Amino acid sequence: MSLSRRSLLIFSLALLMITPALVVSAQSDNGASESQNQTTVLAKVNGAEITQQQLSQSAQVYPIIMTLSRQYRTFGQFLMSSESGQNFLNEYRKHVLDNLIDQTIQQQKIEELGIEVTEEEVQSEINTIIENNKQFKDEKALEDYLKNNQNMSLADFKSRMKEGLRSQKLRDEVTGDVSVSDEEVSSYYEKNKQSFTDQEGNVKPLEDVRSQIKNTLLNQKKSEAFSSWLEGARKEAEVEKFLDRM
């Protein structure tokens, strides 16, 4: 599939599957108790709650272990039956919880800024995916792929595509002032000339690769700027974690 960096990012975000994962540790046979565990609050972000169910859906522990067990049976058994394996999975869950906290912070900022995405924008991205992927002759082919390979409806995909676009707009908003100077481009070129050679091994002139270098540096600086913003937003947010409930 040949997609632009932006479209690939949004496509990847939209393909995130939300399938409830089973907790590896022993679970109660009592339905009410299990339901209560799923609604257990594991973290609060500026008052917004993140539940055990959300963590299970994002962590996908059970599907991961089943996949590993089919390909690497010994490792799957290690994760399920050993104390070290359980500790490893707990650290993984903590990592996923931190990601959910970051996502919540970003979602709250999106709401604060009033960032919206139209149906036309979503459809434009869908069209781009279809146009750049020979596997999808039309929207029906994409719908069949999602149903058969991702257990996802086209409507769900479009909904997640919409969220992906909103996240991208937040990134654009946060990094809108980032720029790359001619001096930075020239400096990068001088330090990395051997990375810009033709088939004969000759170094290409700066003007031939200026746009390429500028895009590389711009993406790098924007990524750093967004990470810096997120770190600051995380420090300013009121975050409570209840790890003993995991």
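Tell me which residues, restricted to the range 37-55, are buried (at least 16 other Cβ atoms within 10 Å of the Cβ) and in a strand (DSSP E or B). Selection gives L42, A43, K44, V45, I50, T51. Can E119 be described as under 24 Å from the mean Cα position of the chain (by Cα) and either among the charged types (D, E, K, R) or farther than 26 Å from L230 by Cα (or both)? Yes.
If you check E91, E120, E116, which single one turns out to be over 18 Å from Q60 (Cα atoms), loosely packed, with under 11 Cβ neighbours inside 10 Å and either of a type outside the set (A, V, I, L, M, F, W, C) or at pLDDT below 95 (or both)?
Numbers: E91 fails: over 18 Å from Q60 (Cα atoms); E116 fails: loosely packed, with under 11 Cβ neighbours inside 10 Å.
None of the other options fit; the residue is E120.
If you check E120, E91, which single one turns out to be closer than 16 Å to I64 by Cβ and either in a helix (DSSP H, G or I) or touching a strand residue (DSSP E or B) at 6+ places or on another chain (Cβ under 8 Å) (or both)?
Numbers: E120 fails: closer than 16 Å to I64 by Cβ.
The match here is E91.
Just name the residue that is farthest from Q123 (Cα to Cα) out of those in the range 141-155 that are in a helix (DSSP H, G or I) and touching a Leu at 6+ places or on another chain (Cβ under 9 Å).
Going through the qualifying residues, I end up with K147.
Residues in the range 206-233 that are touching a residue at least 24 places away in the same chain (Cβ under 8 Å) and within 25 Å of Q107 (Cβ to Cβ): N219, K221, K222, A225, F226, W229, L230, A233. Select from the range 156-210 the residues that are surrounded by fewer than 11 Cβ atoms within 10 Å (Cβ to Cβ) and part of a helix (DSSP H, G or I) and list them in ascending order. Answer for the range 156-210, where residues must be surrounded by fewer than 11 Cβ atoms within 10 Å (Cβ to Cβ) and part of a helix (DSSP H, G or I): D182, E183, E190, K191, Q194, E207. May I ask you to verify whether E111 is loosely packed, with under 14 Cβ neighbours inside 10 Å, modelled with pLDDT of 95 or more and part of a helix (DSSP H, G or I)? So E111 passes the test.
Given the criterion aromatic (F, W, Y), in contact with a helix residue (DSSP H, G or I) (Cβ under 9 Å, 6 or more places away or on another chain) and touching a residue at least 60 places away in the same chain (Cβ under 8 Å), identify the matching residue among F136, F157. Spell out how you get there, then give the answer.
On the way: F136 fails: touching a residue at least 60 places away in the same chain (Cβ under 8 Å).
Result: F157 is the single residue among F136, F157 that is aromatic (F, W, Y), in contact with a helix residue (DSSP H, G or I) (Cβ under 9 Å, 6 or more places away or on another chain) and touching a residue at least 60 places away in the same chain (Cβ under 8 Å).
The values are calculated or read from the model by the stated rules, or taken from the named source; none is laboratory data. Small disclaimer: the values here were computed from a predicted structure and weren't measured. Virtual Cβ from ideal backbone geometry, glycine too; neighbours counted across all protein chains shown.
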